[in-house]
Amino acid sequence: MSEKFQVVVVGGGPGGYVCSIRLAQLGYKTACIDSRGVLGGTCLNVGCIPSKSLLNLSEKFYSAKNLSDKGIEVGSVKLNLAKMMQNKEKAISELTKGVEFLLKKNKVTYIKGYANFKSTNKIIVTDNKKKEIIIETEKTVICTGSEPVSLPKVDFDEEKIISSTGALSLKSVPKKMVVIGGGYIGLEMGSVWHRLGSKIEVVEFLDHITPGMDGEISKELLKILQKQGIKFHLESNVKSIKKGTKGIIINTSNKEGKKIDIECDVALVAVGRKPNTAKLNLDKVGIELDNKKRIKVDNKYQTNIKNIFAIGDVIEGPMLAHKAEDEGIAVAEIIDGQAGHVNYDVIPGVIYTSPEVATVGKTEQQLKKDQVNYKVGKFSLMANSRAKTINETDGFVKILADSKTDKVLGVHMIGANAGELIAEMALAMEFGASSEDIARTCHAHPTFSEALKESALAVDKRAIHS
Ligand code: NAI
């Protein structure tokens, strides 16, 4: 006898568990299948959540060592890495249990095991004892996420040659770590280990870090991270990574073709992620993939097989937990015959370095490419009183508004609290705000948010404090 569901959600990460809850709220008999053994996917277990725990604690450690010049004398500050890791594990455990509780509360059936398609409405689930069950379903939503990619012929051992997963659980602080890739993961995890005492060198293929980000913000972030002591090798390609007797040797070549070997104790490979679409038997049911092995969907997240949908990292778009969550809600509502929708023009992105980088909407480079006429309003945190009082004056806010209509098209910022402040700008953009709307909104003093108002005033060349 096989169990029957109206909708089966494959994957219990932010996309999948949110989708399952929404489906259950809408009255569907829903199952969520996940093989990890705990819910929450990459984000909660080996991604956003553990990295934010370590980013926060490493920042506290780093700043505690530098308190005396601000008038706070502390004794010697010592790192207890094992305890720091325990603290991270506690946060993960509480949050993943919380997700399991939410599924139970909403009467979603949680099935632990690996899902494979047997047909368009039959799924085989294999548990960790290799026991198989067959699930029948009217509709399926695939949200199996993504995994780190490595370089050709480089395997992760997660101790010396590590992915983001290994970078979250090192047992000691490496003397020197080379980070391959100057993207989100490389810069966040590089920052963690730098603050804990590692010498960090980042090797980046392009002539800039954080590809796709507004150029000016990317340059400023590079400058700030260099000032903090992180070394960058731009326009450098990693050819191979070899394990020597003493450590790891990274063979790189620069833009002139000169070969440079960099030695280190640990190499973090952070060159992107690939969608988890390989082991689902998608070909058996004839689901079409694109050239990046992502599942092809239409604007209703429907694959070429009408009762199978896909969302999150397995489809096109930024590999971000909040994008997957919103798609999870949208697809559940679409399945219910409602007008589920995600506004892809207003998906914020945050890099949790110190200071943080946050961005929403179009970059200057995109607007130029699209031949859109725009105005720029910029405001430096040097002139923000709150930033000054807490010694956090690195960074700026930049608002891009349509030259003719004044509608806000993009906001890019680097500075303390940027990751929280961006929410105000996303909301403003969702409501179709003009820069004048932001400029006319009263912002509390003294707060970082005043920099948003000032940059909106600067769009019209009337900032008060600069
Ligand atoms: P990424 O795509 O952000 O950056 C990878 C970098 O590696 C690129 O700059 C690329 O030019 C460089 N690269 C590629 N091959 C190279 C080579 N052979 N030598 C030197 N450099 C090379 O990828 P990343 O950082 O691995 O992140 C993966 C995904 O995870 C991203 O889509 C990101 O959005 C997501 N993520 C989001 C976070 C957040 O929202 N805060 C945090 C961590 C990850």
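Separation of the alpha carbons by more than 28 angstrom is noted, of K78/K259; K129/K323; K231/K453; K65/K231; K83/K239, for K78/K259; K129/K323; K231/K453; K83/K239.
Less than 10 Å Cβ to Cβ from G41, Lys/Arg counted +1 and Asp/Glu -1: what total charge do the surrounding residues give? Mind showing how you got there, number by number?
Values: positive: R36; negative: D34, D313.
Local charge sum for G41: -1.
For every helix of n ≥ 4 consecutive DSSP H residues, a contribution of -39,500 (n - 2.57) applies; sum these over the chain, divide by its total residues, and give [θ] at 222 nm rounded to the nearest 500 deg cm²/dmol.
Dividing the helical sum by the residues of the chain leaves -9500 deg cm²/dmol.
Ranked by the mean number of other Cβ atoms within 10 Å of their residues, highest first, the peptides 238-251, 200-213 fall in the order 200-213, 238-251.
Estimated at 0.36 nm per residue, the fully extended path between C442 and D290 surpasses their Cα-Cα distance by 50.0 nm.
Take every Cα pair under 8 Å whose residues are at least 6 apart in sequence, average their separation, divide by the length of the chain, and the relative contact order is 14 percent. Any aspartates and glutamates with Cα under 20 Å of the K246 Cα? List them, leaving off those in the same chain fewer than 8 positions away. Partners within reach: D155, D157, E158, E159, E201, D261, E263, D265. With the Kirkwood sum run over all distinct C-alpha pairs, the chain has a hydrodynamic radius of 23.9 Å.
What does the charge dipole of region 161-271 about its Cα centre add up to, to the nearest 20 debye, if the Cβ of each Lys and Arg holds +1 and the Cβ of each Asp and Glu holds -1? The partial results should precede the final answer.
Numbers: 16 positive and 12 negative charges, 116 e Å.
The calculation lands at about 560 debye.
Per residue, region 70-144 exposes 65 Å² of solvent-accessible protein surface, assessed with a 1.4 angstrom probe and all protein chains in place. Between the residues M429, T447, A418, the greatest Cα displacement towards the positive end of the dipole of region 346-458, with unit charges on the Cβ of Lys, Arg, Asp and Glu, is found for M429. The convex hull of the Cα atoms of region 346-458, projected and averaged over all directions, covers 6.3 nm². The magnitude of the dipole of the chain, with charges of +1 and -1 set on the Cβ of Lys/Arg and Asp/Glu and taken from the Cα centre, is near 1220 debye. Give, as ranges by residue number, the residues of region 332-363 whose backbone N falls under 18 Å from the point 7 Å along Cα→Cβ of H208. Taking a point 7 Å out along Cα→Cβ of H208, the residues of region 332-363 whose backbone N falls under 18 Å are 349-351, 357-363. Ligands, DNA and RNA left out, the accessible area of region 346-458 computed with a 1.4 Å probe is 51% carbon and sulfur.
Rolling a 1.4 angstrom probe over region 161-271 with all protein chains present gives an accessible area of which 53% lies on carbon and sulfur atoms. Pair-distance distribution P(r) for region 183-236, from all Cα-Cα distances in 5 Å bins starting at 0: 5, 20, 33, 28, 11, 3 percent.
For region 239-248, backbone phi angles converted through the Karplus equation (6.51, -1.76, 1.60; θ = phi - 60°) give residue-by-residue couplings of 8, 7, 10, 10, 8, x, 6, 8, x, 9 Hz, Gly and Pro being listed as x.
In the P(r) worked out for region 161-271, what percent of Cα pairs fall beyond 25 Å?
Details: 921 of 6105 pairs.
Of all Cα-Cα distances in region 161-271, 15 percent exceed 25 Å.
In this structure, the pairs whose alpha-carbon distance is over 25 Å, taken from K171/K242; K175/K292; K175/K227; K29/K118; K60/K199, are K175/K292. Taking a straight Cα-Cα cut-off under 15 Å and skipping sequence neighbours fewer than 8 places away in the same chain, the aspartates and glutamates within cross-link reach of K130 are D34. Once the 1.4 Å probe is applied to the protein heavy atoms, region 161-271 comes out at 44 Å² accessible per residue. Dipole check for region 346-458: with +1 at the C-beta of Lys and Arg, -1 at the C-beta of Asp and Glu, and the Cα centre as origin, the magnitude is about 300 Debye.
The values are calculated or read from the model by the stated rules, or taken from the named source; none is laboratory data. Computed from a prediction, not measured in an experiment: that's the story for all the values here. Cβ atoms come from the backbone with ideal geometry, glycine included; neighbour counts cover every protein chain shown. For the accessible areas, the whole protein counts, side chains as well, though only heavy atoms, and no ligand, DNA or RNA atoms are used. Shrake-Rupley method; radii C 1.70, N 1.55, O 1.52, S 1.80 Å.
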